[in-house]
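Enquirer: Take this structure, written in C-alpha cells, and hold onto it; I'll ask about it next.
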Amino acid sequence: MSATELQAAQSESVGSGPGVAHRDRPALTEPFSIGDVEIPNRVLLAPLAGIGNWFVRLQAKRHGAGMAFSEMVSSHAIHYRNERTLTQLLAIHPDEHPVALQLFGSDPEIMREAAGRVAEAGADIVDLNMGCPVKKVRKTGAGAELLADPDLAVAVARAAVEGCDRPVTVKLRSGLVSGDRSGVGVAVRLVEEAGVSAVAFHPRSANIGHKGFPDYGLVRELVGLVDVPVIVSGGLSDAEHARFAYEESGADAVMIARGSFGNPWIFEELVGTEPEVPPRGVVRDELLWVVDRAEEHFGAERAARYLRKFYPWYLPRLGLSARDVQGLDRIDDLSLVRERIASL
Ligand SMILES: Cc1cc2nc3c(=O)[nH]c(=O)nc-3n(C[C@H](O)[C@H](O)[C@H](O)COP(=O)(O)O)c2cc1C
C-alpha cells in the first residue's frame, strides 16, 4: 500500500486513522492468547518463505515481536523425512518461544502426522497455510487452492488439530479471484468445524498476489463472526500502516511481513517507545549479526547465497544505494562480506 493509498483510506475511514484509538481496543502492547499460548504483545512476524527461519524469527523477537511464524514447511517433506526439512526448517532456537511453525499440504492424513512432528519439534502453535498463491503450491491442491474446496480445507485443519496437542491456526486469503470473499466463510468453518484457535487473514485475493489495497473491512466482518483471535495481514509496510490496519480491521493482532525486511526496528516502534532512527553503526551490526547467524545455520557457502537478498533491504537505512555496494552480493567469502559491511 502506498502512502497515497493510505491517505485516501484514512480519509474514507470513520474515526479510525492511526493514533485514533477505538474505545475498548487493546493497545498493541497488551498480551493476548491463542489457545493456551500467551503471547506478550500483538505485533507478530508473518510467515515468509525462504526467509523466516529460526534466526530471522529470533531477530524479530529480539526487537520486540510478540511471536514469529516460520516460513511454510511442506507436510509431505516431513512425512518423507526429508533431511534438510527436519534439521533446518524445523530448527527452533530456545529464546524464540512462543513460536508458530507453518505447514502446507492438502492431504489430511499427512497433515495429521506433520502437525504431530512439528509439535514434537517444539512449536508452541501449528499454523496451516491456506493462502499461498504460488502455482507450484496451488497445483498440489495446497495453499490458496484449498479455498476452492472448503470441505477439504476443514478436513486438513481438523486432522492437524487431532494430530497434535498444540493450538492450530490457519492463515488464509479473502478469496481466489478479485471480488471473491469466500475466505470469510471458509475461516468461519475452520473455527467452528475444525476447531482452529486463531485465524490470520490476508484480505487480498490470491490472483493479485501481494499487490493492491487490502480490504480491512472483510477482516472486521470476520472478527464479528468468530470467537477466536483474528490476525490481520497485508499492506503493513511500516508502523503507520500497521496501526491503521489494526484499527481499521478491528483485529486482535497485526502480522508484519515485507515491512520487516531490513527493518527489525519496526517491532520496537510498534510495541515500545518510538525509537530514534538507528545509527549507522547499529544497522551495520544488525546486518553482521544476520551474516553470523546465517553462517551458523547454512554453512558459509549456502549462507553467502542466502544473504544476497538481505543486503539491499538494509541499504536505505545506511543511506546507500545499490550502486554503493556493487559486487557485495557476488562475494562468496563471508570474511570479505563482513569487511565490506563494516566499511559501509
Ligand atoms: C517473500 C514472501 C514470502 C512469503 N511466504 C509466506 C509463507 O511462507 N506463508 C504464508 O502464509 N505467507 C507468506 N507470505 C505472505 C506474507 O506472510 C503476508 O501475508 C504478505 O506479504 C502480505 O503482507 P504485506 O503486504 O504486509 O507484506 C510471503 C510473502 C512474501 C513477500
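Enquirer: Once you keep just the Cα pairs under 8 angstrom separated by 6 or more residues, what percentage relative contact order results for the stretch 280-342?
Expert: Computed value for the stretch 280-342: 40 percent relative contact order.
Enquirer: What does the charge count near residue 79 come to, summing +1 for each Lys or Arg and -1 for each Asp or Glu among other residues with Cβ under 11 Å from its Cβ?
Expert: Residues near residue 79 contribute 0 overall.
Enquirer: With just the Cα atoms defining each centre, how far is the stretch 191-254 from the stretch 280-341? Give it in Å.
Expert: 33
Enquirer: Sticking with this one: Which whole-number percent is the relative contact order of the chain (Cα, under 8 Å, 6+ apart)?
Expert: Taking the mean separation of contacting Cα pairs over the length of the chain, I get 15 percent.
Enquirer: Also, quick follow-up: Sort 309, 136 by Cβ crowding within 10 Å, fewest neighbours at the top.
Expert: Ascending Cβ contact count within 10 Å gives the list 136, 309.
Enquirer: Now for a separate question. Residue by residue through the stretch 123-136, what is 3J(HN,Hα) from phi via Karplus (6.51 cos²θ - 1.76 cosθ + 1.60, θ = phi - 60°)? Round to whole Hz and write x for glycine and proline.
Expert: Listing the rounded values in order: 5, 7, 9, 10, 9, 10, 8, 10, x, 5, x, 5, 3, 4 Hz.
Enquirer: List the residues whose amide H sits under 5 Å from the amide H of residue 99, counting only those 5 or more places along or on another chain, with H placed 1.01 Å from N in the peptide plane.
Expert: Result for residue 99 returns 124, 125.
Enquirer: Restricting to the chain, what percent of DSSP beta bridges are antiparallel, rounded to 5?
Expert: Looking only at bridges with both residues in the chain, the antiparallel portion is about 10 percent.
Enquirer: Right, here's the next one. Given H placed 1.01 Å from N in the peptide plane, which residues other than close sequence neighbours of residue 128 have an amide H under 5 Å from its amide H?
Expert: 103, 169, 170, 171
Enquirer: Give, rounded to the nearest 20 debye, the magnitude of the charge dipole that the chain has about its Cα centre when Lys and Arg contribute +1 at Cβ and Asp and Glu contribute -1 at Cβ.
Expert: Rounded to the nearest 20 debye, it is 1040 debye.
Enquirer: Considering the dipole of the chain built from charges on the beta carbon (Lys and Arg +1, Asp and Glu -1) around the Cα centre, which of 140, 337, 169 is farthest to its positive end?
Expert: Positive-end residue among those listed: 337.
Enquirer: Now for a separate question. Sort 313, 54 so that the residue with the fewest other Cβ atoms within 10 Å of its own Cβ comes first and the one with the most comes last.
Expert: The fewest-first ordering by Cβ neighbours comes to 313, 54.
Enquirer: Moving to a separate point now. Report the paramagnetic label zone for residue 80: residues of the stretch 100-119 whose backbone N is under 19 Å from a point 7 Å from Cα along the Cα-to-Cβ axis.
Expert: Label zone hits: 103-115, 117-118.
Enquirer: Each residue of the stretch 179-186 in turn: what ³J(HN,Hα) in whole Hz from Karplus with 6.51, -1.76, 1.60 and θ = phi - 60°, glycine and Pro shown as x?
Expert: x, 6, 10, 5, x, 5, x, 5
Enquirer: Rounding to the nearest 20 debye, state how big the charge dipole of the stretch 284-329 is about its Cα centre with +1 on each Lys and Arg Cβ and -1 on each Asp and Glu Cβ.
Expert: So the dipole magnitude of the stretch 284-329 works out to roughly 240 debye.
Enquirer: Using the Kirkwood radius over Cα pairs, work out the Stokes-Einstein diffusion coefficient for the stretch 121-225 at 25 °C and 0.890 mPa s, in µm²/s as a whole number.
Expert: Roughly 180 µm²/s, to the nearest whole number.
Enquirer: To continue, here is another question. Tell me which residues come under 5 Å, amide H to amide H, from residue 235 once H is placed; ignore anything under 5 positions away on its chain.
Expert: Residues meeting the criterion, in which the H sits 1.01 Å from N, do not exist here.
Enquirer: Follow-up question, since we're still on this one. Show that you can apply the helix-only estimate: for the chain, add -39,500 (n - 2.57) for every DSSP H stretch of four or more residues, divide by all residues, and state [θ] at 222 nm to the nearest 500.
Expert: Result for the chain: -11000 deg cm²/dmol, rounded to the nearest 500.
Enquirer: In terms of the ratio Rg/(2.2 N^0.38 Å) built on C-alpha atoms, what value belongs to the stretch 163-237?
Expert: 1.07
Enquirer: Evaluate 2.2 N^0.38 Å with N set to the residue count of the stretch 280-342, then give the Cα radius of gyration divided by it.
Expert: The reported ratio for this selection is 1.01.
Enquirer: Moving on to the next point. Which of the pairs 136/171; 61/171; 135/171; 136/309; 61/211; 139/211 have their Cα atoms more than 23 Å apart in this structure? Spell out each step's value before the answer.
Expert: Values: 136/171 18 Å; 61/171 20 Å; 135/171 17 Å; 136/309 21 Å; 61/211 27 Å; 139/211 21 Å.
Beyond 23 Å: 61/211.
Enquirer: I would also like to ask the following. Enumerate the whole-percent occupancy of each 10 Å bin, from 0 to the last occupied one, for all C-alpha pair distances of the chain.
Expert: With 10 Å bins starting at 0, P(r) equals 6, 26, 34, 25, 9, 1.
Enquirer: Now for a different question. Can you run phi through the Karplus equation (6.51, -1.76, 1.60; θ = phi - 60°) for the stretch 86-102 and list ³J(HN,Hα) in whole Hz, with x for Gly and Pro?
Expert: For the stretch 86-102, the Karplus curve yields 5, 8, 9, 6, 8, 5, 10, 7, x, 8, 7, 5, x, 9, 10, 9, 9 Hz.
All of the numbers you see were taken from the coordinates with simple rules; none came from a lab. Here the structure is a predicted model, which means the values were calculated and not measured. Reconstructed Cβ throughout: ideal geometry from the backbone, glycine too, with neighbour counts over all protein chains shown.
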